[in-house]
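The values are calculated or read from the model by the stated rules, or taken from the named source; none is laboratory data. Since this is a predicted model, take the numbers as computed values, not measurements. As a convention, Cβ positions derive from the backbone with ideal geometry for all residues, glycine included, and neighbour counts pool all protein chains shown. Heavy atoms of the whole protein, side chains included, go into the accessibility calculation; ligands, DNA and RNA do not. Shrake-Rupley method; radii C 1.70, N 1.55, O 1.52, S 1.80 Å.
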Amino acid sequence: MLLNHYSSCRWTSLLFALSLFVVLSSCTSTKKAQQKASPYARAPQVETTDERLKFESMIIDATMKAEVGKRDEAMALLRQVLALDSNCAAANYEMSRLLSASGSTINALVHARKAFDADRSNVWYGMNLANIYRYANMNEWSAKTWQAIVNAHPDVIEYYMELTSAYNRAHDTKNAIATLNRVEKKIGVTEAVSVEKARIWSLAGNESKAMAEMEALVKTMPNDSRYNSILAESYMSTGQYEKAKQCYDRVLATNPDDEYVHISLAEYYKAVGQPRKAYEELRVGMQQKNLSTTNKLKVLTNFYTSDEFYGIHSRYAFDLLDVAMKAADDSTSYAAFYGDALMRQRKYVEAAHQFALALSADSSKYEIWEALLISELSYGADNSILASHGSRASALFPLHQLPYYVQAVALYEQKRYGDAVEMAQKCENLGFEKDYLKVETYELMAMCYNQLDNPLCYEYYEKLLAINPDDVNTMNSYAYRLAVDNKELERAEKMSKRTLQKEPDNAYYLDTYGWILYKMGRNKEAAQYIKRAMSRSETSEEVKEHWEAVKQYE
């Protein structure tokens, strides 16, 4: 709530001892009319008897024992007092606290009621009873008790707020509001009361009255930007955008350095269908020094949906992200987030730099290592970098495949085909959960075995075709291997022909098909296809060698 609540009325023994002469005066069966005493008046003299001194001593002793955890002994003493005077307010009060603390709520209520009935002017007794009613989920009775306290102490504002809370727990909106209206009559319009009334009306589903409370607060204090901001949010939530804009304009006029007002204006412009202005306001907000980078990134990810961030508004979103990151108070803390955004933009070099920055601060997160390695593979990082980062990642995370695959790629590029096969086999041995890296690993192993002239390449070409029988790269490589080995030339010719049906102008596919025809003795046809391959700009030395072998048959 807006004001601090009293807890369970656990007061120290010192406080109790200081006020003991007041509460012990209730430990007689005969009540005297109570008059409101001046705070400067001396305490009335009470006739002291041996019996009264005994009562006082027993209650003080019980209180001290309770404070040091000797509850059973304390309760035994209090029972003795109550056996002599069942209406002793102080003894009933202390007994109710002990019973409540031990979970005996119903019995605690009996004693708490007796204490309060014996002395209704004692606020501690009343608060104790109200709190026990609350623990028993008897909120209406708790509210009635607080009402009695308010009636006895009509000038204490805190008690009105406690009464309001009790009515709220009892779902009595009418009386909760009425209580706060009484407070306003005493102290005028204030933030605490207006905001609480608005909250209560809002919970009750009456948004118009909730806004009316905030409007009254703004009218009373028009230059306070906080209230204008709260009211603007209420207008935004109910679609009253122009009224919300007026509030935001007042915030700008009274507090131009408000770190959130431009973000709020961006929400307004987004709501009214002006994305360009929304972006401009958000850009100003991203430059605010009073707004932490963490909060800036939260604003961005809440302002744009994932589809907007990476899709239709990506140009705006990434510019805003750049602005936020340039002012980052600790760039390493946000580097992974920034790297992810850059990678989605296919800015792999910049993304890799951010992921490396994040890992320099904390290398324990595999997801960031994976993002770094994927970025480096995507832009074609130097083999030494791939090998180094792959090696470090596999040492930290030996059960993940990607680091081994990256090292295998680097070894292949270095023409260390045997070592590349060994590294790729580590991927295969780990298994391919959900087929992750399965095709890539098989392709790499087929290429390595092919370079080693090892017939095991056939096994991996077959595995690849089993996964995707229409993959033209696999068919071309497999067909060419068969032609080189003079094996299954008819099958090779059929596979190669299928690649040309899909990509009739591909120089490598034309060369493969021509070379297969040459191996089959169909020299004139072979010369036609290899000549077409020679006419392409991307011809290799191997194609030129084939042309030398067949050009005589042109």
Kindly check whether there is at least one residue in segment 224-232 that is closer than 30 Å to TYR135 by Cα and without any contact (Cβ under 8 Å) to a residue 40 or more places away in the chain. no
For segment 320-344, how many residues are farther than 16 Å from GLN288 by Cβ and either without any contact (Cβ under 8 Å) to a residue 12 or more places away in the chain or acidic (Asp, Glu) (or both)? 2
So which helices (runs of 4 or more DSSP H) stay within segment 74-163 end to end and still have 1 or more residues that are touching a helix residue (DSSP H, G or I) at 6+ places or on another chain (Cβ under 9 Å) and closer than 21 Å to VAL183 by Cβ? 123-135, 139-152
Suppose we filter segment 164-192 for residues that are open to solvent by 50 Å² or more (accessible area, probe 1.4 Å), hydrophobic (A, V, I, L, M, F, W, C) and not in a helix (DSSP H, G or I); how many remain? 1
Is it true that some residue in segment 97-108 is at positive phi and either modelled with pLDDT under 75 or of a type in the set (S, T, N, Q) (or both)? no
Those residues of segment 487-501 which are in contact (Cβ under 8 Å) with a residue 24 or more places away in the chain and within 23 Å of LEU444 (Cα to Cα), in sequence order: ALA492, ARG498, THR499
Taking the condition of being outside any loop (DSSP other than H, G, I, E, B), closer than 18 Å to GLN246 by Cα and either aliphatic (A, V, I, L, M) or touching a strand residue (DSSP E or B) at 6+ places or on another chain (Cβ under 9 Å) (or both), how many residues in segment 193-224 meet it? 6
Please pick out the residue among ARG113, ARG97 that is touching a residue at least 24 places away in the same chain (Cβ under 8 Å) and open to solvent by 10 Å² or more (accessible area, probe 1.4 Å). ARG97
Taking segment 412-459 as the region of interest, how many residues are closer than 28 Å to LYS487 by Cβ and either touching a Gly at 6+ places or on another chain (Cβ under 9 Å) or basic (Lys, Arg) (or both)? 5
At least 3 residues that are open to solvent by 80 Å² or more (accessible area, probe 1.4 Å) in each: list the helices (runs of 4 or more DSSP H) lying fully within segment 483-554 that qualify. 489-502, 523-534, 541-550
Looking only at helices (runs of 4 or more DSSP H) that fall completely inside segment 319-423, which ones have 3 or more residues that are under 28 Å from the mean Cα position of the chain (by Cα), surrounded by fewer than 16 Cβ atoms within 10 Å (Cβ to Cβ) and at pLDDT 95 or above? none
If we keep only residues of segment 58-73 that are assigned to a helix (DSSP H, G or I) and among the basic types (Lys, Arg), then the residue farthest from ALA112 (Cα to Cα) is LYS65
Before we move on, is ILE200 within 28 Å of the chain's Cα centre (by Cα), over 30 Å from GLN274 (Cα atoms), surrounded by 17 or more Cβ atoms within 10 Å (Cβ to Cβ) and not small (Gly, Ala, Ser)? yes
For residues in segment 258-314 being open to solvent by 40 Å² or more (accessible area, probe 1.4 Å) and aromatic (Phe, Trp, Tyr), which is modelled with the lowest pLDDT? TYR310
Give the number of residues within segment 513-554 that are among the aromatic types (Phe, Trp, Tyr) and under 60 Å from the mean Cα position of the chain (by Cα). 1
Has segment 513-532 got any residue that is in contact with a Ser or Thr (Cβ under 9 Å, 6 or more places away or on another chain), within 30 Å of GLU422 (Cα to Cα) and at pLDDT 95 or above? no
Quick check on segment 145-155. Is at least one of its residues under 47 Å from the mean Cα position of the chain (by Cα), β-branched (Val, Ile, Thr) and surrounded by fewer than 17 Cβ atoms within 10 Å (Cβ to Cβ)? no
Look at segment 280-296 and say how many of its residues are within 24 Å of GLY239 (Cα to Cα) and more than 24 Å from the chain's Cα centre (by Cα). 2
Which one of the conditions (1) on the phi < 0 side of the Ramachandran plot; (2) at pLDDT below 90 does ALA112 fail to meet, given that it meets all the rest? (2)
The number of residues in segment 424-434 that are over 33 Å from the mean Cα position of the chain (by Cα) and on the phi > 0 side of the Ramachandran plot is 1
